[in-house]
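Presented below is the structure to which this report refers.
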Amino acid sequence: MTVPQSEKAARFEALHERPGAFIIPNPWDAGTARILTGLGFEALTTTSAGLAFSLGRRDGANAVSREETLANAKAIVDATDLPVAADLENGFGDSPAEAAETIRLAAEQAGLVGGSIEDSSGDPERPIYDFRHAVERIAAAAEAARALPFPFVLVARAENYLHGRPDLDDTIRRLQAFEDAGADALFAPGITRPDDIRTLCESVGKPVNMIMGFQSASYSVSELEALGVKRISVGSALSRAALAAVVRAAKEMKEQGTFRFAAQAVSYAEANELVARKESDRL
């Protein structure tokens with residue numbers, strides 16, 4: 001039986017309100033969504049980089065269109081009974097109205113119950129939106145989310161650290177303003193020092209998302225929870241792990257003429273079983 005969007009939304013909201021941290025992994029297609037569902041995760045969120053890689057494109061500004069992003073999100077939503085959120089990049093437009101429209105389409109067309117809007121402009125000359133404009137965009141997105149007939153978890157992202165601006169004070173200032181503008185959760189990808197993570201979490205009143213999967217920093221769920229983190233995503237890390245397996249196998253075939261990699265592969269029967277699970281054991 002298909003779970004109504006409103007029920008998924010209520011479950012997703014509840015994850016942010018209960019004690020402790022939770023992992024929200026990032027599938028990049030329907031098959032990986034089914035695998036993560038069957039393994040017992042409670043919610044999923046998409047990955048823009050993972051989608052770009054699967055389409056044979058470099059990740060970056062405008063690598064994937066809004067239409068492609070929402071089509072990918074809908075395929076993931078349709079593959080699982082879990083709540084699904086999405087990486088909606090900068091809302092696929094500079095204006096507050098475009099950010100708001102992306103939130104509306106995410107909910108109404110793709111069936112999503114959450115999504116993120118970032119303050120990265122895609123302009124290499126001015127990669128981060130000016131403070132006031134960034135806040136106006138989140139306010140418009142929040143207004144669109146509140147107009148929906150169910151709770152939509154809007155995540156506001158401050159992208160300073162991904163664009164050579166490791167300014168913790170400005171990042172916190174932005175996240176505080178995004179919270180005041182109506183964001184339900186906050187995210188500053190690229191922050192990796194424990195003291196900085198703790199300071200950020202203590203400086204805001206909304207749940208904080210932290211991304212793991214960086215080679216330079218890796219903390220356990222319990223360690224991140226102790227720092228104040230609520231949500232833990234992995235961005236494109238699962239996608240890149242899968243690509244690494246393909247690269248290793250291909251190099252073995254090409255350079256050594258052997259096929260030992262197959263011993264580490266899941267069996268045909270197991271693969272069939274893994275992609276057949278739409279419902280989690282938790283449901």
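The values are calculated or read from the model by the stated rules, or taken from the named source; none is laboratory data. Just so you know, these numbers come straight off a predicted model, no measurement behind them. Glycine gets a Cβ as well: all are built from the backbone with ideal geometry, and neighbour counts include every protein chain shown. The protein model used for the area step is the full one, side chains on, heavy atoms only, and it has no ligands, DNA or RNA in it. Shrake-Rupley method; radii C 1.70, N 1.55, O 1.52, S 1.80 Å.
A compact table of results
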read-out: Scope region 206-249; condition surrounded by fewer than 15 Cβ atoms within 10 Å (Cβ to Cβ), in a loop (DSSP other than H, G, I, E, B) and either modelled with pLDDT of 95 or more or aromatic (Phe, Trp, Tyr) (or both); matching residues; value: 214, 220
read-out: Region 50-59, subset open to solvent by 10 Å² or more (accessible area, probe 1.4 Å) and within 15 Å of the chain's Cα centre (by Cα), residue modelled with the lowest pLDDT; value: 59
read-out: Residue match in region 15-31 (condition: of a type in the set (Asp, Glu) and in a helix (DSSP H, G or I)); value: yes
read-out: Single residue of region 166-176 satisfying the filter (open to solvent by less than 70 Å² (accessible area, probe 1.4 Å) and either over 21 Å from the mean Cα position of the chain (by Cα) or free of Cβ contacts under 8 Å to residues at least 24 places away in the same chain (or both)) that is nearest to residue 136 (Cα to Cα); value: 170
read-out: Filtered residues of region 1-45 (kept if open to solvent by 40 Å² or more (accessible area, probe 1.4 Å), within 20 Å of residue 88 (Cβ to Cβ) and in contact with a Phe, Trp or Tyr (Cβ under 8 Å, 6 or more places away or on another chain)); value: 5, 28
read-out: Contacts under 6 angstrom Cβ, first residue in region 126-154 being over 21 Å from residue 86 (Cβ atoms), partner of a type in the set (A, V, I, L, M, F, W, C), 6 or more apart; value: 135/177; 135/181
read-out: Enumeration of residues in region 137-157 that are closer than 21 Å to residue 188 by Cβ, basic (Lys, Arg) and part of a helix (DSSP H, G or I); value: 137
read-out: Hits in region 75-120 - residues which are more than 14 Å from residue 156 (Cα to Cα), in a loop (DSSP other than H, G, I, E, B) and of a type in the set (Gly, Ala, Ser); value: 93, 95, 110, 111
